[in-house]
Amino acid sequence: MAEASTLQDRYRACLILSGAGDALGYNKGDWEFEQNAEKIHKEVAKMGGLAKLDVKQFPLSDDTIMHLATAEALAEMDKDAPLEQLYGALVKKYISCMGDMHGRAPGLTCMSSTHLLQMNPEGDWKIPFNQRAGGCGGAMRAMCVGLRFPSPEQEHHLVAVSVESGRMTHHHPTGYLGALAAALFTAFAIRGQPPVEAWGHRLMQVLTKAKEYVREAGHCVNKNMEHWNYFEKSWEKYLETRGILDGTGKPQFPEPYGVAEREQFYSSVSFKGTGGASGHDAPMIAYDGLLRAGDSWTELANHTFFHGGDSDSTAAIAAAWWGALYGFHNVPPKNYQGLEYYSRLSDVADKLYQLRE
Ligand code: MG
């Protein structure tokens, strides 16, 4: 039995394993959006199984580059810096990280929105509402916001920063509420409460606070309210399906729940058939996998890295939460030790650990 992970280890594992999940789920673009999940699982088996996958052969995709941008902006702020200052730093990082996207398949919304940000006067992080910005690009990079603001007393900061960082590129509730879920569940994992089965129920409560925040922030309020419900209703329906809407009891899964059944389910909760491509279902599929996997890295990978949708984003989110819960517990060293930008991820995790309270 491995020794219990320290909190600092869990900070590192959150960022490093998220990168590892992204790299493995992406596989140089071969596995992201590969429609045939059985084919991915066969290829993994052919390579000797998950434990044999050496991340040195798997470059990071856009998800981790943007997650690093978020984390490094958070880490360079003084503890009491005003949020406006952080938002200015985030804008700069999001713009500059676009120069490191060769071979990493950045999303179209991130590219076009960072272009808009570039044309804003310095310090202005607001872009117009965008009816088509419900994708998962805001969610995939927000887990570290939960590392910076992990405690219940910091929840209003977590809400504000996840919403604003999310809508810097994805100004649509389905997009930026995905960032809120990614950040909030990381905070829960770091706190060690509530239990994983109750995270979804708590998310529904925090959504009310997020709605208030967006109203008070006063930026494109009517448009945001008009499109608010999709995320909330989708999550409500999902939690009901699993029997955990009220935050008590164990999640219910169909038996069997193998590759084929999961593919069908992931597709059914998606916006247009591609599981994990949106702000609502990327964290949902990550959560579904985490509920099933418990402390098994292999099961987490089977459920959230290797499926026929936006697999690198669901992997990046799920692996971040898993790392924040379990550290590097029984993770095969090959799966993360040679990861691209390992030191950057580890260093920024240490800085966020220092800043946490
Ligand atoms: Mg990607």
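The values are calculated or read from the model by the stated rules, or taken from the named source; none is laboratory data. Remember, it's a predicted structure, so these values are computed and weren't measured experimentally. With ideal geometry, Cβ positions are generated from the backbone for all residues, glycine too; neighbour counts draw on all protein chains shown. SASA here: full protein model, heavy atoms, side chains in, ligands and nucleic acids out. Shrake-Rupley method; radii C 1.70, N 1.55, O 1.52, S 1.80 Å.
Please determine whether any residue of segment 56-67 is within 13 Å of the ligand (Cβ to nearest atom), among the hydroxyl-bearing types (Ser, Thr, Tyr) and touching a strand residue (DSSP E or B) at 6+ places or on another chain (Cβ under 6 Å).
Residues of segment 56-67 within 13 Å of the ligand (Cβ to nearest atom): 58-67.
Still in the running and among the hydroxyl-bearing types (Ser, Thr, Tyr): 61, 64.
Then drop every residue that is not touching a strand residue (DSSP E or B) at 6+ places or on another chain (Cβ under 6 Å), which leaves none.
Taking every residue of segment 56-67 in turn, none turns out to be within 13 Å of the ligand (Cβ to nearest atom), among the hydroxyl-bearing types (Ser, Thr, Tyr) and touching a strand residue (DSSP E or B) at 6+ places or on another chain (Cβ under 6 Å).
For segment 54-66, enumerate the residues that are part of a loop (DSSP other than H, G, I, E, B) and surrounded by fewer than 21 Cβ atoms within 10 Å (Cβ to Cβ).
54, 59
Search segment 119-136 for residues that are under 11 Å from residue 167 (Cβ atoms) and assigned to a loop (DSSP other than H, G, I, E, B) and pair each with any residue that is modelled with pLDDT of 95 or more and aromatic (Phe, Trp, Tyr) when their beta-carbon atoms are under 7 Å apart and the residues are at least 6 apart or on different chains.
Within 7 Å, the pairs are 125/87.
State whether the residues of segment 24-43 include one that is crowded, with 22+ Cβ neighbours inside 10 Å and of a type in the set (Phe, Trp, Tyr).
Yes, some residue in segment 24-43 is crowded, with 22+ Cβ neighbours inside 10 Å and of a type in the set (Phe, Trp, Tyr).
What are the pairs with Cβ atoms under 7 angstrom where one residue, in segment 306-332, is among the polar types (S, T, N, Q) and the other, located anywhere, is modelled with pLDDT under 95? Sequence gap at least six, or different chains.
Once the first residue is among the polar types (S, T, N, Q) and sits in segment 306-332, its partners that are modelled with pLDDT under 95 give 311/31; 311/32; 330/2.
Determine, yes or no, whether residue 208 is assigned to a helix (DSSP H, G or I), under 19 Å from residue 66 (Cα atoms) and among the polar types (S, T, N, Q).
On the way: assigned to a helix (DSSP H, G or I): yes; under 19 Å from residue 66 (Cα atoms): no; among the polar types (S, T, N, Q): yes.
For residue 208, the condition - assigned to a helix (DSSP H, G or I), under 19 Å from residue 66 (Cα atoms) and among the polar types (S, T, N, Q) - is not met.
Would you mind stating whether residue 347 is of a type in the set (D, E, K, R) and open to solvent by less than 10 Å² (accessible area, probe 1.4 Å)? Spell out the reasoning first.
Values: of a type in the set (D, E, K, R): yes; open to solvent by less than 10 Å² (accessible area, probe 1.4 Å): no.
The answer is no for residue 347.
Failed condition for residue 335, given (1) surrounded by fewer than 24 Cβ atoms within 10 Å (Cβ to Cβ); (2) more than 16 Å from the ligand (Cβ to nearest atom); (3) of a type in the set (S, T, N, Q), with all others met?
(1)
Taking the stated definitions as given, is residue 171 away from the ligand (no atom under 16 Å from the Cβ), open to solvent by 10 Å² or more (accessible area, probe 1.4 Å) and not charged (D, E, K, R)? It would help to see each step written out before you state the result.
Details: away from the ligand (no atom under 16 Å from the Cβ): yes; open to solvent by 10 Å² or more (accessible area, probe 1.4 Å): no; not charged (D, E, K, R): yes.
So residue 171 does not fit the description; no.
Are any residues in segment 1-46 away from the ligand (no atom under 16 Å from the Cβ), without any contact (Cβ under 8 Å) to a residue 60 or more places away in the chain and in a helix (DSSP H, G or I), and if so, which ones?
The answer is 39, 42, 43, 45, 46.
Name, by its number, the condition in (1) over 16 Å from residue 31 (Cα atoms); (2) more than 16 Å from the ligand (Cβ to nearest atom); (3) of a type in the set (D, E, K, R) that does not hold for residue 281.
(2)
So residue 309 fits all but one of (1) modelled with pLDDT under 95; (2) surrounded by fewer than 17 Cβ atoms within 10 Å (Cβ to Cβ); what number is the exception?
In the conditions (1) modelled with pLDDT under 95; (2) surrounded by fewer than 17 Cβ atoms within 10 Å (Cβ to Cβ), residue 309 misses (2) alone.
The conditions are (1) surrounded by fewer than 24 Cβ atoms within 10 Å (Cβ to Cβ); (2) β-branched (Val, Ile, Thr); (3) within 14 Å of the ligand (Cβ to nearest atom), and residue 298 fails exactly one of them. Which is it?
Answer for residue 298: the failing condition is (3).
Could you grab the pairs with beta carbons closer than 8 Å, sequence gap of 6+ or different chains, first residue in segment 97-115 and among the β-branched types (Val, Ile, Thr) and more than 13 Å from the ligand (Cβ to nearest atom), second one modelled with pLDDT of 95 or more and open to solvent by less than 50 Å² (accessible area, probe 1.4 Å)?
From residues that are among the β-branched types (Val, Ile, Thr) and more than 13 Å from the ligand (Cβ to nearest atom), the pairs are 114/94; 114/95; 114/98; 114/169.
Determine, yes or no, whether residue 263 is farther than 24 Å from residue 197 by Cα and in contact (Cβ under 8 Å) with a residue 24 or more places away in the chain.
So residue 263 does not fit the description; no.
Within segment 76-92, is there a residue that is open to solvent by 10 Å² or more (accessible area, probe 1.4 Å), within 16 Å of the ligand (Cβ to nearest atom), in contact with a helix residue (DSSP H, G or I) (Cβ under 7 Å, 6 or more places away or on another chain) and not hydroxyl-bearing (Ser, Thr, Tyr)?
No - not one qualifying residue is present in segment 76-92.
Matching residues to (1) among the charged types (D, E, K, R); (2) open to solvent by 10 Å² or more (accessible area, probe 1.4 Å):
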| position | (1), (2) |
| --- | --- |
| 242 | yes, no |
| 247 | no, yes |
| 253 | no, yes |
| 264 | no, yes |
| 276 | no, no |
| 314 | no, no |
| 318 | no, no |
